[in-house]
Amino acid sequence: MKLKLIAILFFAFSTTTFAQKASDILGVWFNEEKDAKIEVFENAGKYYGKIIWIKNNTNEDGTSPKLDSKNPDKELAKRTIEGTQILIGLEWDDDEWDDGEIYDPKSGKTYSCYAELQSENELFVKGYIGFSMIGRSTVWTRASLKF
């Protein structure tokens, strides 16, 4: 009976988890609001992400393309949101990507960051200051390159 219970628990656990590898984060992801697509790529063993599409690419004054106006660096505030790198230097650590940073163009702030897959098509991303217990989290959804 005990062996049967262990077998059932093992089977239940193994069907709800999946093996992950560092490259699973690669690809294009929608942010939670689905108003931006972020392409995640690898460079020298670290992972980065840049905005490759935004839904509303117009500034408040009606001009286009939308600028990174909330950035505290006056020179960077002149760059376009599309093309801006927002994930910086994530490192693979067996079951998650951590020790990186995430830039939020909506606030102009940069936070420490980690990410982990919740499923093949959902990426949990958390930005924080100091301790990872306190911060803001979001879930990105895998997208296609078509937009």
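The values are calculated or read from the model by the stated rules, or taken from the named source; none is laboratory data. Predicted model, so just to flag it, every value in this text is computed and none were measured. All Cβ positions, even for glycine, are placed from backbone atoms using ideal geometry, and neighbour counts span all protein chains on display. What goes into the accessible areas is simple: the full protein's heavy atoms, side chains included, and nothing from ligands, DNA or RNA. Shrake-Rupley method; radii C 1.70, N 1.55, O 1.52, S 1.80 Å.
For the stretch 41-54, backbone phi angles converted through the Karplus equation (6.51, -1.76, 1.60; θ = phi - 60°) give residue-by-residue couplings of 9, 10, 8, 6, x, 10, 10, 9, x, 10, 6, 10, 7, 10 Hz, Gly and Pro being listed as x.
Remark: accessible surface ordering of Ile134, Ile25 (largest first) is Ile134, Ile25, probe radius 1.4 Å. Cross-link pairs exceeding 20 Å in C-alpha to C-alpha distance, out of Lys46/Lys74; Lys37/Lys74; Lys66/Lys126; Lys106/Lys126; Lys21/Lys106, comprise Lys46/Lys74; Lys37/Lys74; Lys66/Lys126; Lys21/Lys106. GNM on the chain, alpha-carbon springs under 10 angstrom: the most fluctuating residue among Glu32, Glu120, Glu91 is Glu120. Phi angles across the stretch 67-77 convert, under the Karplus curve 6.51 cos²θ - 1.76 cosθ + 1.60 with θ = phi - 60°, into 3J(HN,Hα) values of 9, 7, 5, 7, 5, x, 7, 4, 5, 5, 5 Hz, Gly and Pro given as x. If you wrap the Cα atoms of the chain in a convex hull and average its projected area over all directions, you get 11.1 nm². Seen against the Cα atoms of the chain and their longest principal axis, helix 2-16 is set at about 20 degrees. Between Thr110 and Ser144, the FRET efficiency from the beta-carbon distance, with R0 = 30 Å, is close to 0.60. About the centre of its Cα atoms, the stretch 57-138 shows a dipole size close to 720 debye [charges on the beta carbon of Lys, Arg (+1) and Asp, Glu (-1) only; nearest 20 debye]. Each Lys and Arg adds +1 at its Cβ and each Asp and Glu adds -1 at its Cβ; summed about the Cα centre, the chain shows a dipole of about 360 debye.
The listed residues Glu96, Glu122 rank as Glu122, Glu96 when sorted by accessible area, largest first, using a 1.4 Å probe. Subtracting the Cα-Cα distance of Lys70 and Ser23 from their residue separation scaled by 0.36 nm leaves 13.8 nm.
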